[in-house]
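Participant: Got a structure for you, questions after.
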Amino acid sequence: MSTMLDLGRAVLAQQPFSALMGAELVAYEANRAILELPLRPELLQQNGFAHGGVLCYLADNALTFAGGSALGSAVVTSEFKINYLRPALGERLCAEASVVHAGRSQAVVRCEIFAAQGAQRKVCAAAQGTITHLAAPRKQG
């Protein structure tokens, strides 16, 4: 029998962009998800720290996975906000998201993104978003 983490990793593997980024789902359970991403030179901006788009990618996916754990797998991000707190420097990034509140069709989720070097971690961004359950597709014609 597959675990929730196995199922989440299978979903992540179906996302070509996530494969390109090199993200890994390291925790996935009810109301919580953690994504990690090795920081490679291609993901840095001109000053040597992680590009803001990389932090947005991690926040978006971590928020959606955590929200999906509460609402079911057919979800999308309907909105999110991110605050950049300090430059993201280190060997990897870690996005930790948890559900604040979930209803029948949407969940509000928070996420903190940490830059890690060895065992040392520093929060570099915080995000909050709304994850929405997808309705059944309408019939064409």
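Participant: If you scan the range 58-94, which residues turn out to be hydroxyl-bearing (Ser, Thr, Tyr), at pLDDT 95 or above and surrounded by fewer than 21 Cβ atoms within 10 Å (Cβ to Cβ)?
Facilitator: Thr77, Ser78, Tyr84
Participant: Can you say whether Ser105 is in contact with a helix residue (DSSP H, G or I) (Cβ under 9 Å, 6 or more places away or on another chain), surrounded by fewer than 14 Cβ atoms within 10 Å (Cβ to Cβ), farther than 16 Å from Leu12 by Cα and among the hydroxyl-bearing types (Ser, Thr, Tyr), as far as the supplied structure shows?
Facilitator: Against the criterion (in contact with a helix residue (DSSP H, G or I) (Cβ under 9 Å, 6 or more places away or on another chain), surrounded by fewer than 14 Cβ atoms within 10 Å (Cβ to Cβ), farther than 16 Å from Leu12 by Cα and among the hydroxyl-bearing types (Ser, Thr, Tyr)), Ser105 qualifies.
Participant: What tally of residues in the range 31-80 results from selecting those that are over 18 Å from Ala10 (Cβ atoms) and in a loop (DSSP other than H, G, I, E, B)?
Facilitator: Here the count works out to 9.
Participant: Pairs under 6 Å by beta carbon, first residue in a strand (DSSP E or B) in the range 98-122, partner of a type in the set (Asp, Glu), six or more apart or different chains?
Facilitator: Close Cβ pairs (under 6 Å, with a partner that is of a type in the set (Asp, Glu)) amount to Glu112/Glu96; Gln117/Glu91.
Participant: Just checking, does the range 126-138 include any residue being in contact with a Ser or Thr (Cβ under 8 Å, 6 or more places away or on another chain), under 21 Å from Arg40 (Cβ atoms) and crowded, with 20+ Cβ neighbours inside 10 Å?
Facilitator: no
The values are calculated or read from the model by the stated rules, or taken from the named source; none is laboratory data. The structure displayed is predicted, hence computed values, not measured ones. Don't worry about glycine lacking a Cβ; one is built from the backbone with ideal geometry, like all the others, and counts go over all protein chains shown.
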